[in-house]
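Here's the structure, in structure tokens; my notes come after.
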Amino acid sequence: MIFASDLDQTLIYSQPLERAEELGSRIVLAELIDGKPRSYMSSSSYQQLQALMTELTFVPVTTRTMQQYWRIHVISQMLKPKYAVTSNGGNIMIDGQPDPDWQASMVGRVNETSVHVEDVRALMAQVLHPEWVINSTYCDEFFFSHIVQRDKMPLQEVSDMSAELQKMGWNTSIQGRKVYIVPQAVNKRDAVAHVKQLLGEDKVAASGDSLLDQVLLDFADYAIAPRHGELFRQQQLNPTGSYRFTEESGIFATDEILTYVQAVNQEHKIRFEIKETS
């Protein structure tokens, strides 16, 4: 079985210094930026995930760039999964190196299914203004990430822009202070499906908190989302009953996610053993 999981706000979490000190040994440092703590992981989650990796294939799946993924030392350098999906599916890393064949195939798919990036820039320029956009980055030559002031963001204008971008083959996702604009061909589902095919695995368990994770959760055989984030808020507004959510929210929701994955993996192994002996 593969366990494909989003990272930020699913496995790792930023914490104010006071909260991190209060939690103490209940959390472990996951990431440093310029020598300063950036994100953490539940200590029990780290131990659970470490144990799970002896039983299944853990694949981190993140919208982060390759460089940003490497900053998460608790995953990239301590747990060291063989496969990792970065750039929202634009890159698949194998033993820490990007797969050039996958990169080339993604560039081809984007060119076939989405309008050119300069046309997207032109549309964004009409809506994204310095009054509320703090920083904009074109990430790994695949998608845009904007850091914004949410309280100043013109919601109707952004909604109209998103609708127009969708017609152009690009999706918009708003996560906290970030607005992602991503070609529809660049998605977490297709990248994980490719890894699944490479490994010859038959089942996937997945977790994630944002709308960019939705296609991955829909693809998976078993899926669970934390009780916070973009996906949870959407389901509160328009309940579909399609998703399993944790009881806990925040950093300790990960404990529930991993307990669930452990249970379905065990159930899958038992079913496989019964099938093999029958």
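The values are calculated or read from the model by the stated rules, or taken from the named source; none is laboratory data. The shown structure was predicted, so the numbers you read here are calculated from the model rather than taken from an experiment. Note: ideal-geometry Cβ built from the backbone for every residue, glycine included; neighbour counts use all protein chains shown. Note: areas computed on protein heavy atoms with side chains; ligands, DNA, RNA excluded. Shrake-Rupley method; radii C 1.70, N 1.55, O 1.52, S 1.80 Å.
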### Query
Quick one: is residue 98 touching a Gly at 6+ places or on another chain (Cβ under 9 Å), under 29 Å from residue 82 (Cα atoms), modelled with pLDDT of 95 or more and surrounded by 15 or more Cβ atoms within 10 Å (Cβ to Cβ)?
no
### Query
How many residues, within segment 95-126, are in a helix (DSSP H, G or I) and either without any contact (Cβ under 8 Å) to a residue 40 or more places away in the chain or within 16 Å of residue 191 (Cα to Cα) (or both)?
18
### Task
Among what's in segment 216-228 and is surrounded by 18 or more Cβ atoms within 10 Å (Cβ to Cβ) and more than 17 Å from residue 253 (Cα to Cα), pick the residue that is nearest to the chain's Cα centre (by Cα).
216
### Message
Being in contact with a strand residue (DSSP E or B) (Cβ under 7 Å, 6 or more places away or on another chain), small (Gly, Ala, Ser) and part of a helix (DSSP H, G or I) is the filter here; which residues of segment 78-94 pass it?
### Response
87
### Query
Looking only at segment 190-213, which residues are at pLDDT 95 or above, part of a helix (DSSP H, G or I) and open to solvent by 10 Å² or more (accessible area, probe 1.4 Å)?
190, 193, 194, 196, 197, 198, 199
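Considering only segment 163-180, state which residues are part of a helix (DSSP H, G or I) and open to solvent by less than 30 Å² (accessible area, probe 1.4 Å). Working first, answer last.
Our first condition is that a residue be part of a helix (DSSP H, G or I); within segment 163-180, this holds for 163-167.
165 - this is the single residue of segment 163-180 that is part of a helix (DSSP H, G or I) and open to solvent by less than 30 Å² (accessible area, probe 1.4 Å).
To keep it simple, each residue is scored yes or no on (1) open to solvent by 40 Å² or more (accessible area, probe 1.4 Å); (2) in contact with a Pro (Cβ under 8 Å, 6 or more places away or on another chain); (3) in a helix (DSSP H, G or I); (4) farther than 22 Å from residue 44 by Cβ.
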{"position": "230", "(1), (2), (3), (4)": "no, no, yes, yes"}
{"position": "239", "(1), (2), (3), (4)": "yes, no, no, yes"}
{"position": "242", "(1), (2), (3), (4)": "yes, no, no, yes"}
{"position": "249", "(1), (2), (3), (4)": "yes, yes, no, no"}
{"position": "267", "(1), (2), (3), (4)": "yes, no, yes, no"}
### Task
Select from segment 1-42 the residues that are farther than 14 Å from residue 259 by Cα, among the hydroxyl-bearing types (Ser, Thr, Tyr) and surrounded by 15 or more Cβ atoms within 10 Å (Cβ to Cβ) and write down the one among them that is nearest to the chain's Cα centre (by Cα).
13
### Query
Looking at segment 43-68, which of the residues that are in contact (Cβ under 8 Å) with a residue 24 or more places away in the chain, open to solvent by 10 Å² or more (accessible area, probe 1.4 Å) and closer than 30 Å to residue 141 by Cβ is farthest from the chain's Cα centre (by Cα)?
57
### Task
Please go through segment 120-162 and pick out each residue that is loosely packed, with under 15 Cβ neighbours inside 10 Å and among the aromatic types (Phe, Trp, Tyr).
138
### Query
What do you reckon, is residue 87 small (Gly, Ala, Ser), on the phi < 0 side of the Ramachandran plot and surrounded by 13 or more Cβ atoms within 10 Å (Cβ to Cβ)?
no
### Task
Test each condition in (1) open to solvent by 80 Å² or more (accessible area, probe 1.4 Å); (2) more than 27 Å from residue 102 (Cα to Cα) for residue 116 and report the one that comes out false.
(2)
### Task
Filter segment 27-40 for residues that are touching a residue at least 60 places away in the same chain (Cβ under 8 Å) and either more than 21 Å from residue 177 (Cα to Cα) or out of contact with any Leu (no Cβ under 9 Å at 6 or more places or on another chain) (or both) and give the result.
27
### Task
Give me the pairs, please: first residue somewhere in segment 199-211 and over 15 Å from residue 83 (Cβ atoms), second residue anywhere and exposed (fewer than 14 other Cβ atoms within 10 Å of the Cβ), beta-carbon distance under 6 Å, and either six or more positions apart or on two chains.
203/221
